[in-house]
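Quick note: the coordinates plus some simple rules give every number you see, no bench work behind them. This is a predicted model, so every value here is computed, not measured. With ideal geometry, Cβ positions are generated from the backbone for all residues, glycine too; neighbour counts draw on all protein chains shown.
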Amino acid sequence: MSNRSATHSTFVIERNYDVSPARVFAAWADVNAKGQWFGPGGEHEHELDFREGGREHFEAAVEGAVYSYDALYEDIVRGERIVYTYKMHRDGVRISVSVTTVELLADGDGTHLRYTEQGVFLDGEDKPELREHGTKELLDKLGEALAQGAATV
């Protein structure tokens, strides 16, 4: 009998940013802007081909482990929506596979962002609550980067 498992989870995170949807979109679409908020910081490898069918790769060492993120952009509506699938590995072991939708809704002069992730967390290697917590931190870093002028359009 195998010790394999699959835990399914969906979470939604919402944030409001005091910048236009075009600026928020640009912070996802441009590798330099995204580098200001995506990932743990420090030494890392980051490649971004932001287009439908394009891929993104991010790899960094965190607390002695090497994490890699590989995404495929499935649907992009400029300034409004980004849909992508991604898988995460820790030290070469796949820990999750997810589909994510980022919706950017105009809210006065700002943007209401709705982030929905549907994931399967594999073999107890990762937990949905940890991913949600980490994603909240990334979206907070996005807000800080935008406030500091990231992703001008």
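Based on C-alpha pairs under 8 angstrom that are at least 6 apart in sequence, the chain has a relative contact order of 31 percent. Helical content of the chain, expressed as a calculated mean residue ellipticity at 222 nm, amounts to -6500 deg cm²/dmol (DSSP H runs of 4 or more residues, -39,500 (n - 2.57) each, divided by residue number, nearest 500).
Shape class of region 1-76 from the alpha-carbon gyration tensor: prolate, with a/c at 1.5 or above and a/b greater than b/c. Electrostatic tally near K141: other residues with Cβ closer than 12 Å to its Cβ, Lys and Arg +1, Asp and Glu -1, net 0. If exposed means no more than 10 neighbouring beta carbons inside 10 Å and the site is in a DSSP loop, what's the longest run of the chain without any exposed trypsin sites (Lys or Arg not before Pro)? Counting at most 10 other Cβ atoms within 10 Å as exposed, the longest clean stretch of the chain is 52-153. Plainly put, region 6-147 has a radius of gyration that is 0.95 times its Kirkwood radius, both from alpha-carbon atoms, as the Rg/Rh ratio.
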